[in-house]
1. If the reach is capped at under 18 angstrom between alpha carbons, list the aspartates and glutamates near Lys160, excluding any in the same chain fewer than eight residues apart.
2. Got a sec? Charge dipole of the chain, +1 on Cβ for Lys and Arg, -1 for Asp and Glu; which of Ser306, Ala195, Met330 is way out at the positive end?
3. Treating the beta-carbon of each Lys and Arg as +1 and of each Asp and Glu as -1, no other charges, what is the dipole magnitude of the chain about its Cα centre, to the nearest 20 debye?
4. Can you compute the modelled spin-label distance between Leu404 and Asp116, with each label point 7 Å from Cα toward Cβ, in nm?
5. Just want the ordering: His156, His15, His607, from fewest to most Cβ atoms lying within 10 Å of their own Cβ.
6. Over what distance in Å are the Cα centres of the range 315-364 and the range 105-142 separated?
7. What ³J(HN,Hα) values, in whole Hz, does the Karplus curve 6.51 cos²θ - 1.76 cosθ + 1.60 give for the range 267-281 when θ = phi - 60°, with x put for Gly and Pro?
8. What relative contact order, as a whole-number percentage, does the chain give when Cα pairs under 8 Å and 6 or more residues apart are counted?
Amino acid sequence: MRSRVELARRFEPHHFERERPDGTVLDIRGIPVPGRGFVTIYTDITQRARAEPALRESEARFRSLTELSSDWYWEQDASFRYRSGSGKAMGGIRLADLILGKANWELGLDIEGGWDAHRALLERRLPFRDVLVQGSLPGLPKMYARLSGEPIVDEHGNLKGYRGVARDVTMEVQAQERVHYLATHDGLTGLPNRAHFNQLLNRQVQSARRYEGRFALMFIDLDGFKAINDTFGHEAGDILLVEMAARFSGSVRASDVVARLGGDEFVVLVQEASDIEQVNAVARKILSAAIKPVTIEGRECRVTASVGICMFPRDAQDEQALLRNADVAMYRAKAQGKNNVQFFSADDDFRSLERMALESGLRQALLHNEFLLHYQAKLDLKTGAISGVEALLRWRPPELGTVLPLQFMALAEETGLIVPIGKWVLKAACDQNVAWQRQGLPPVCVAVNISPRQFTDELPDDVATALQASGMEPHLLELELNEGTVMGNAARSVRLLGELKRLGVRIAIDDFGAGFLSLAQIDGLPIDTLKVDRSVIREIDGNTGDGSVAQAIIAMGKTLSLTVVASGVETPEQQAYLSEQACDEIQGHQFCKPALPDALADLLRRHVPRPGR
Ligand code: C2E
Ligand code: MG
């Protein structure tokens, strides 16, 4: 490098700065003028020279802050292409390597409001703030960022570009998306939940009204789900629900919506369904999807589905009416033997009113003292004595006569009303038993039916309370549970039955032979009595008196040392056959019909035992 003096001597231009002893700083430029020597220009740059260290310091501070900050800083040129960018993206990749030389819309990203609107804003040189951009840059997973920027203009007002910041908000947005998902979807099956479905249905109704569209709403309820839940436990029930959700979703078009309203209730929105046949075909697919076996804990389980369908606009024109009518149609499907499809019909409106009236009547019945018990005696075939009575519930709503359990028990069970009603039955039966004894009648065992909904941890307490309040001896009470109630969940049944046995009461399995239980399953249970179902007794041939199923059940019941009671005995032939098979007891119209307490007291008083009847 040549010195300034040397440059001057060699007649070349030169430029340097000098600080004078008084502290001023001069900028000195020497320009050679041929034949005339040099023109030297001195400029006082004291102020600038003093500002420079401050500027350098400020730049260094800015750099260190941008490096520390998790935000990204960027600058774009006048055609909105990145010319610089600080910061690192996921995996330590330098952002600059991905974006330099490209405009945002060339990066394959999406922006809220769309790129056209954003470019129009840039053309107008407007600032923008916190605009959401999403997408994935090459080699990176999907990300979300919020961009803010402002235009850079030169001293003449010409656009030089944009500068701004970007903030990675991927985690934030994903968390929000997750919260939204959880609020709108069923946690178990991942299907839209009730709240979300209501919104979707609302939108569907609006759009169908506007464009004169037609669609169908399908209400699906699983038949026998409760038995699986009670038998195998809630986890097994959950597995079944998840499987059903997947099968239903697989049975419809991608544009249709399957949602879970709760429990074992599903709905399907069948879009653009003008043709009843087409909707029927979808419903049939759903029925066959439901009925295929599901393996739970190594065992094959099977449920069926009952489907009710309401068509828009034919059957209903708003969301509430659609849901209500599809539900009503579904109930008709249940009433018609389950595992079938029913379309809503105007008659259903009337039936649903009936059902609602029944439900509200049932709710009032306990308060208004409208229940009573009839009693049906059982006969000991060996001694000819009355071995006990069964309490049978009757409902007498004002001006309606006597309503039998068949007409209200399913509704009581479904609504849970059976729980308080069942408590009342226990108490009333025990009180009656004690009342008969006080009238001087011989102590007689009273059997009370217990519904599946009552077979919970509360039952032993309810039984103990009824016994205590009446003062009845526990061995005079027998609880009748049907097969479905004790089936399967063996551990829970054994525990609950054990608790009941410890109270000193007797346990009977009711309706045996009607369903699923085998004697082998009963073997482990602490029970005393086996009541053979009416359907088995009915099969005993009136002429030949042949009943092989009844015979086998009686024989096996005896090997387990159980008292075997035949229910629904209607003819002398049946009684004779059962007597021959050494069946212990019979119950049925042949001996005695259910009767009011006073009539039964008469029977107890007058009955003369005739051994070997
Ligand atoms: P279940 O426990 O099997 O009761 C026997 C049913 O058969 C009674 O019907 C009885 O009237 C009827 N029955 C008795 N002998 C004959 C006969 O020879 N022929 C015919 N065809 N029927 C006969 P009911 O009283 O209508 O009760 C029906 C069912 O309702 C009962 O069946 C029981 O499961 C349920 N139930 C009745 N009372 C109660 C109750 O207090 N609580 C609960 N949870 N369920 C009850
Ligand atoms: Mg019974």
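1. Hits, sequence-local ones excluded: Glu75, Asp77, Glu123, Glu150.
2. Ala195
3. Approximately 2160 debye in magnitude.
4. Distance between the two pseudo-spin positions: 7.2 nm.
5. Details: His156 5, His15 12, His607 16.
Result, fewest neighbours first: His156, His15, His607.
6. 52 Å
7. Result, rounded to whole Hz: 10, 10, 9, 9, 6, 6, 10, 9, 9, 4, 4, 5, 5, 4, 5.
8. Numbers: 1037 pairs, mean separation 47.8, N = 613.
Relative contact order of the chain: 8 percent.
No lab work stands behind these numbers, since they all come straight from the coordinates. The shown structure was predicted, so the numbers you read here are calculated from the model rather than taken from an experiment. Backbone-built Cβ (ideal geometry, glycine too); neighbour counts: all protein chains shown.
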